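See structure below.
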Amino acid sequence: MNQFIKQVCFLLLFFVSFTVKAQKKSWIVCGPSTGNVELRSVQLWIELKEGPAEAIASYWKKGAAKTTAKKISIKKQEGLFPNIFKFQVVALQPGTTYEYQINVTSNLQPAGFGEFTTQELWQYRKPAPDFSFITGSCAYINEPMYDRPGRPYGRDSSIFEAMAKEKASFMLWLGDNWYTREVDYFSEWGLNYRPSHDRSLAVLQPLWKAMPHYAIWDDH
């Protein structure tokens, strides 16, 4: 009988643990990602599903105790879609790696985490450091219901998995970063839906987290 009770308790703990993990992931549409990185500042970016009215970013020097973390809180703008939070982190130290975590206040669960490294202060001190970056354009993400009839563009997005594994300093999006469809054109919601849909693709998530991102609209 005792063995049976132990097995039941084990199963309950397993499913509770699984549920908690699922809840932690359920808030994220895209990210978190790093935007512009400077000597003493950085932008953190995350898109969450509808619901959270506030998000909190905590950050601390890598290797330091998490209790030393500083926090930035941002409230959601009412009626805004998509539900994007941009954190401007300042007063950092050059050439330093920080860890961060983003929480939603509706249940205090972490919505995302990662790390970033500020630029090195090399000016007037030594030669400019080497760096590498990756580029790409014309990211056509399929949504079969709204793709054009026949053989559509897109079909294979696995290149993003390879890009995420590159040890690059940043990603530069060169334009046509998403393709609106006929059903998107006639409302502000539709025009916002397309990039939100595309950047939520599971195959893109490792790339968002792997490096900072910069973008231009197009070469036109």
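Filter the range 160-176 down to the residues that are modelled with pLDDT of 95 or more and open to solvent by 80 Å² or more (accessible area, probe 1.4 Å) and list them by number.
If the condition is that a residue be modelled with pLDDT of 95 or more and open to solvent by 80 Å² or more (accessible area, probe 1.4 Å), then E161, K165, E166 are the ones that fit.
Which residues, counting only those in the range 192-209, are open to solvent by 30 Å² or more (accessible area, probe 1.4 Å), out of contact with any Ser or Thr (no Cβ under 6 Å at 6 or more places or on another chain) and among the hydrophobic types (A, V, I, L, M, F, W, C)?
Across the range 192-209, the qualifying residues are L201, A202.
How do the strands (runs of 3 or more DSSP E) wholly within the range 11-89 filter down when requiring 1 or more residues that are open to solvent by less than 50 Å² (accessible area, probe 1.4 Å), at pLDDT 90 or above and under 18 Å from R199 (Cα atoms): which remain? Even if it seems obvious, please write down each step before you answer.
On the way: elements: 28-37, 42-48, 54-61, 70-75, 83-89.
Qualifying strands (runs of 3 or more DSSP E): 28-37, 42-48, 83-89.
Sort out which residues of the range 67-109 are more than 11 Å from A53 (Cα to Cα), among the hydroxyl-bearing types (S, T, Y) and more than 19 Å from the chain's Cα centre (by Cα), and write them in order of number.
Of everything in the range 67-109, those that are more than 11 Å from A53 (Cα to Cα), among the hydroxyl-bearing types (S, T, Y) and more than 19 Å from the chain's Cα centre (by Cα) turn out to be T67, T68, T96.
Testing E99 on (1) acidic (D, E); (2) at pLDDT 90 or above; (3) outside any strand (DSSP E or B), one condition comes back false. Which one is that?
Checking E99 against (1) acidic (D, E); (2) at pLDDT 90 or above; (3) outside any strand (DSSP E or B), the one that fails is (3).
Against the definition (among the basic types (K, R) and surrounded by 13 or more Cβ atoms within 10 Å (Cβ to Cβ)), how does K126 come out, yes or no?
no
The values are calculated or read from the model by the stated rules, or taken from the named source; none is laboratory data. Note that this is a predicted model, so its numbers are computed, not measured. Quick reminder, even Gly has a Cβ in these numbers, built from the backbone with ideal geometry, and neighbours come from all protein chains shown. Note: accessible area is taken over every heavy atom of the protein model, side chains too, but ligands, DNA and RNA are not part of it. Shrake-Rupley method; radii C 1.70, N 1.55, O 1.52, S 1.80 Å.
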